[in-house]
Amino acid sequence: MQTASLERLILVSVVAVLIGLGLWMQLGLLTERNPSDSAAVRHQPDYYVKNFLARGRDGLGTSYVLRGAHLEHFLDDSTVDIKEPCLLLFEKGVSPRLVFADTGRVIENGTMIVLHGNVEVRERLPANIDESVFLPQDASSACFSPDVRDGTWTRADELMLQLKPGPEH
């Protein structure tokens, strides 16, 4: 009789331990992890490019040329940070524009650029202007050739521009 009672006690104890272990495992799996624990979530660039030149094209040809001293792509929020961005914009029916700043950030999956710090826009440039206005990559921090002095100038602290060509272009 004592053996049967001992066997029942062991059986109940084993079942209780299994139930406790099962609950502990379920709670461990259902508990959310802190996102800061993951190294992939931190805002770190997944690649960078120095002295780059990028072109955006629509059905009619080049719509913009973007040059910068340094580019960093961030996978966690799909943004691109640019140091010393220079942007040459071509629009149908409008003379080309040259825009440059201290820094820039490409957002909204590459369709918008936000320029910060000493933003300058040069409008009414000669119609035959092209990417040759950019200095060689090893030159000083200025992004345009010194002989581009035509047109009107506008200055701002911040400017947001659409990079993706619109439907009418």
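Only one entry in Ser78, Ser63 is polar (S, T, N, Q) and over 14 Å from the mean Cα position of the chain (by Cα), namely Ser63. Across region 101-118, the number of residues qualifying as among the polar types (S, T, N, Q) and part of a loop (DSSP other than H, G, I, E, B) comes to 2. For region 140-151, the condition holds for at least one residue, the condition being that it is out of contact with any helix residue (DSSP H, G or I) (no Cβ under 7 Å at 6 or more places or on another chain), modelled with pLDDT under 75 and among the hydrophobic types (A, V, I, L, M, F, W, C).
Going by the structure shown, is Val106 among the β-branched types (Val, Ile, Thr), under 17 Å from Leu53 (Cα atoms) and touching a strand residue (DSSP E or B) at 6+ places or on another chain (Cβ under 8 Å)? Considered against the rule, which asks whether it is among the β-branched types (Val, Ile, Thr), under 17 Å from Leu53 (Cα atoms) and touching a strand residue (DSSP E or B) at 6+ places or on another chain (Cβ under 8 Å), Val106 comes out as yes.
If you go through region 62-100 and keep only what is outside any strand (DSSP E or B) and of a type in the set (A, V, I, L, M), you end up with just Leu75.
The values are calculated or read from the model by the stated rules, or taken from the named source; none is laboratory data. In this text, all values refer to a predicted model and were calculated from it rather than measured experimentally. With ideal geometry, Cβ positions are generated from the backbone for all residues, glycine too; neighbour counts draw on all protein chains shown.
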